[in-house]
Amino acid sequence: MPEKPTLDGLEDRWARVWEDEGTYAFDRSATREQVFSVDTPPPTVSGSLHVGHVFSYTHTDIVARFQRMRGKKVFYPMGWDDNGLPTERRVQNFYGVRCEPSLPYDPDFTPPEKPGKQQIPVSRKNFVELCETLTAEDEKAFEALWRRNGLSVDWSHGYQTIDARARAISQRAFLRNVERGQAYVSMAPTLWDVTFRTAVAQAELEDREHTGAWHRIAYHGASGPTYIETTRPELIPACVALIAHPDDERYQPLFGTTVRSPLFDVEVPVLAHPAAEMERGAGIAMCCTFGDLTDVQWWRELDLPNRTVINRDGRLLRDTPDWITSEAGRQRWEQVAGATVHTAKERIVAMLQETGELVGDVRPVTRPVKFYEKGDKPLEIVSSRQWYIRNGGREASVRDEMLARGRELRWHPEYMRHRYEDWVRGLNGDWLVSRQRFFGVPVPVWYPLDGEGEVIPDKPLTPDDAALPVDPTTDVPPGYTAEQRDVPGGFTGDPDVLDTWATSSLTPQIAGLWSVDDDLFARVFPMDLRPQGHDIIRTWLFSTVLRSHLEHDSLPWAHAALSGWILDPDRKKMSKSKGNVVTPMGLLEEFGSDAVRYWAAGGRPGVDTAFDRGQMKVGRRLAMKLLNASKFILGVGVDAGEPDLSAVSTPLDRALLARLTEVVEKATAALDDYDYAVALEVTEQFFWFFCDDYLELVKSRAYGEFDEAGRDSARATLAAALRVLQRLFAPVLPFVAEEVWSWWQEGSVHLAAWPDIHELATSAEADPQVLSVASDVIGGIRRAKSEQKLSIRTEVESLSVQAAPAALEALREALADVRAAGRVRDVELVVSSDGELVTTVGAPTA
RNA sequence: GGGCGCGUAGCUCAGCGGAAGAGCAACGGCCUUACAAGCCGUCGGUCGCAGGUUCGAAUCCUGCCGCGCCCA
């Protein structure tokens with residue numbers, strides 16, 4: 001035990017010991033019943049961890065440490081999510097390169113020291129290598145932070161969502177979905193981001209207010225013009241019908257007839273469909289392929305032709321579409337061929353003004369438009385061949401199964417279940433899993449080519465399981481040779497990668513080594529806990545439940561714990577901007593890891609919490625207090641062995657242990673329910689009371705100033721209480737708890753048994769009032785002395801206590817301790833008529 | 001527009017049917033032999049607003065206002 005205990009340096013010292021001793025190593029001989037397994041969120045490796053990560057990962061660690069002390073073999077791996085667009089973008093900016101899949105691999109390529117102004121095109125393989133290099137560096141820094149933060153992770157069970165094993169597992173799971181018909185390929189209208197040139201899924205959409213303008217435009221019928229209103233006049237050449245509500249009397253005569261489009265003179269039918277809104281615009285809409293999701297619905301349900309005019313790069317087709325047949329129409333198309341959507345709109349509006357087919361003023365309007373959450377241009381809808389996984393968006397039976405899984409899962413807090421149910425009920429299509437990107441898990445299929453060299457899409461070729469992971473753009477399917485690539489009668493590889501969630505949804509399988517080490521998998525799956533943010537219930541949580549349901553017919557985990565957000569105080573008050581960036585490592589160094597963990601532990605499950613340096617200071621004080629209190633108690637002279645509770649003969653001591661028993665019960669129940677905040681609160685509250693009142697009360701007796709029995713009773717109680725308190729704090733304050741435990745106990749506190757109420761059971765019944773009255777009276781003495789501006793240690797002539805008879809009776813049991821702690825010479829006990837406790841002290845002794 | 005959550009002391013938050021709480025801050029003390037990175041004490045609130053249920057409401061119900069998240 002050091003002379004002057006300090007918190008400085010505890011993190012490095014104990015982190016090294018834990019690593020050397022394998023304190024948190026998973027015992028893989030354990031059976032499933034003995035295991036507590038955690039499906040840790042793999043942080044996205046695209047930059048740095050922030051305070052919010054420290055916050056929520058600490059919550060998980062507290063639970064893991066608690067379960068470990070309860071005797072569970074804890075499976076607590078850490079993964080890195082380094083697969084997907086954020087990494088691609090970071091690599092592009094960091095190295096100044098871009099992926100050009102047509103280029104050959106250059107094994108000698110090294111990126112420039114500093115990224116140049118012009119991005120250097122590199123092959124897909126070079127690009128992926130750069131992704132791996134950069135993420136490896138980031139991951140080192142992340143691991144160092146987590147170790148410093150005290151996460152009790154078993155680092156030998158790490159994974160990357162882009163590593164070969166994860167790719168193989170991801171592809172295997174996908175191919176098994178294909179085999180069972182749970183995944184399928186389909187040519188369909190798809191939401192498309194023109195910047196990233198990739199399809200996006202429903203889960204990646206967000207609505208944003210976008211300014212547009214209503215244009216009133218004339219279509220021409222046999223009996224005169226029909227006016228429609230549209231915000232997208234550039235889609236006139238893509239128009240396949242005009243549509244009004246079947247009950248709309250204004251358009252009854254037109255249903256079944258045809259009209260001709262302005263400028264391009266294409267004949268389209270006028271049709272009825274209930275999705276047309278009578279109150280909106282003119283009540284009759286142009287259906288184009290495709291302006292929005294309603295167009296898709298009409299196109300599908302009314303069996304309309306596909307007249308796509310927008311390319312995947314967001315520009316209009318260069319060639320004149322064959323459905324534009326009139327000479328004037330074809331000339332007008334020349335004006336917009338190859339133009340961006342924006343330019344095409346301007347030119348078409350100008351032409352409409354010329355021809356007089358644009359009627360009245362253009363009226364600005366702001367309305368919600370769908371964006372890719374990472375994009376900055378509105379999504380277009382294009383027809384393309386994509387892979388989908390059935391998720392209940394199209395089949396009620398699957399949806400009901402997913403709802404049942406949601407009810408089966410235990411949610412913490414419970415109300416988070418609604419978000420899941422709302423999402424499942426609102427699904428409107430299957431899960432689109434193919435992406436037209438480079439850095440990801442390749443879609444593991446090839447397609448045969450017919451005699452003309454055209455793709456035969458409905459007969460995908462799949463790899464042998466042993467060959468996984470495969471890259472179809474370089475690997476060759478079974479039964480073919482490399483020379484047959486992209487030649488008639490040969491094959492072509494699917495160029496796409498899987499949605500990042502298609503791999504992330506398999507984290508329990510990846511961490512547990514499903515299909516790689518099935519023995520391990522059987523010991524950890526289904527897992528116990530998924531901790532995660534509430535914002536990704538619709539994506540990560542839902543997709544993980546789905547994949548597990550499809551592959552294993554079970555939930556992936558029994559419990560989901562949803563953590564809240566960290567609210568940046570600056571963001572609340574938008575006017576203020578501090579400008580000083582707080583890095584997690586800086587905080588850990590400034591306050592100590594235990595102090596930062598203390599702040600995190602104060603955030604109730606699921607509740608957004610303010611970033612609060614004040615709480616970190618408080619946490620530091622608590623850690624310091626634990627050092628000092630431990631030092632004091634050990635200095636009094638207590639035994640390190642199992643405390644001899646038969647020596648606890650003094651009523652005050654029995655009452656203390658009884659109160660601590662309640663604390664153990666409450667803290668245990670709270671942690672069993674994943675409520676670390678309540679567990680900490682009750683422990684902390686008791687601990688301050690223990691230090692401020694109990695320690696002061698028994699100090700003299702423990703030093704042996706009275707009789708031997710009293711001394712032994714105090715020492716046994718102090719030892720028992722300290723052993724319990726150090727362990728109660730261990731999950732939240734792992735470093736300082738380990739430090740003080742090491743002063744007198746063998747082994748790691750983190751492998752010690754969680755406190756059990758039986759280790760506090762004394763032979764005789766305890767009277768809690770002895771402790772509460774003694775505490776009240778000592779408080780009264782302090783108050784009285786404080787009012788007289790006396791030192792607490794000043795000895796006074798007399799103490800008078802007025803109280804109810806029962807309270808006085810209890811007080812007598814602890815009177816010697818109270819007298820010693822309060823430094824009073826004479827004591828007078830007076831029965832009070834109203835039962836209220838009144839403490840008065842006399843003058844200081846001379 | 002719908003779902004969910006939240007409005008309690010200057011600040012951060014507990015409490016969620018039986019006398020308004022904690023910590024921080026502020027203020028006043030104590031140089032107390034574990035701890036001045038300590039200790040003691042004091043101040044401070046129509047529990048968002050309006051109704052209702054109840055012997056009793058911060059707590060349950062209804063409506064409204066404000067904030068946040070998710071989804072249309």
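Observations
- Principal axes of region A:105-248: Cα extent on each, largest first, Å: 77, 48, 37
- Summary of the geometry: region A:224-297 and region A:611-656, compared by the centres of their Cα atoms, lie 78 Å apart.
- Per residue solvent-accessible surface (Å²) - chain A, probe of 1.4 Å: 43
- Residue ranges A:16-23, A:309-316, A:450-457, A:231-238 sort as A:231-238, A:309-316, A:16-23, A:450-457 when ordered by packing (mean number of other C-beta atoms within 10 Å per residue, highest first).
- Crossing angle, helix A:768-787 versus chain A [Cα axis fit, 0-90 degrees, rounded to tens]: 90
- For region A:3-143, alpha-carbon Rg over 2.2 N^0.38 Å: 1.43
- Heavy-atom accessible area ranking, 1.4 Å probe, most first, across A:759, A:642: A:642, A:759
- For chain A, the 222 nm mean residue ellipticity estimated from helices alone, with every DSSP H stretch of n ≥ 4 adding -39500 (n - 2.57) and the total spread over all residues, rounds to -12000 deg cm²/dmol.
- For region A:708-780 versus region A:102-130, the gap between their alpha-carbon centres in whole angstrom: 62
- Whole-angstrom gap from region A:786-846 to region A:419-447, using each part's C-alpha centre: 73
- Taking GluC sites (Glu not before Pro) across region A:770-846, the ones in a DSSP loop with at most 11 further Cβ atoms lying within 10 angstrom of their Cβ are A:836.
- About the centre of its Cα atoms, chain A shows a dipole size close to 1580 debye [charges on the beta carbon of Lys, Arg (+1) and Asp, Glu (-1) only; nearest 20 debye].
- Each principal axis of the Cα cloud of region A:198-372 was evaluated for its coordinate range; sorted largest first, these ranges are 42, 38, 33 Å.
- Rounded, prolate or oblate (a/c below 1.5 giving rounded, otherwise prolate when a/b exceeds b/c) for region A:84-159 by Cα gyration tensor: prolate
- Taking Cα centre as origin and charging only the Cβ of basic (Lys, Arg, +1) and acidic (Asp, Glu, -1) residues, the dipole magnitude of region A:779-841 rounds to 400 debye.
- Inter-probe distance in nm under a simple model that places probes 7 Å from Cα toward Cβ, at residue A:751 and residue A:312: 5.5
- Overall dimensions of chain A as given by Cα atoms, namely Rg and Dmax in Å: 35.7, 119
- The simple Förster model, with R0 at 35 Å and r as the Cβ-Cβ distance, assigns residue A:366 and residue A:300 a FRET efficiency of 0.75.
- For chain A, carbon and sulfur atoms together expose 48% of the accessible surface, with a 1.4 angstrom probe and every protein chain in place.
- Counting only DSSP beta bridges whose two residues both lie in chain A, roughly 65 percent are antiparallel.
- Too-long pairs where the Cα-Cα distance tops 32 Å, listed order kept, from A:140/A:374; A:140/A:625; A:117/A:374; A:117/A:377; A:117/A:140: A:140/A:625
- Trypsin sites (Lys or Arg not before Pro) restricted to region A:338-417 and DSSP loop, no more than 16 other C-beta within 10 Å: A:374, A:394
- Relative contact order (%) - chain A, alpha-carbon pairs under 8 angstrom, separation at least six: 13
- Three-way shape label, region A:612-766, alpha-carbon gyration tensor, a/c 1.5: prolate
- Each principal axis of region A:323-465 carries a Cα extent, and these read 64, 51, 30 Å when sorted largest first.
The values are calculated or read from the model by the stated rules, or taken from the named source; none is laboratory data. These numbers were taken from a predicted model, which means no experiment stands behind them. Positions of Cβ are generated from backbone atoms using ideal geometry, with glycine treated the same way; all protein chains shown enter the neighbour counts. These accessible areas exclude ligands, DNA and RNA; they are computed on the full protein's heavy atoms, side chains included. Shrake-Rupley method; radii C 1.70, N 1.55, O 1.52, S 1.80 Å.
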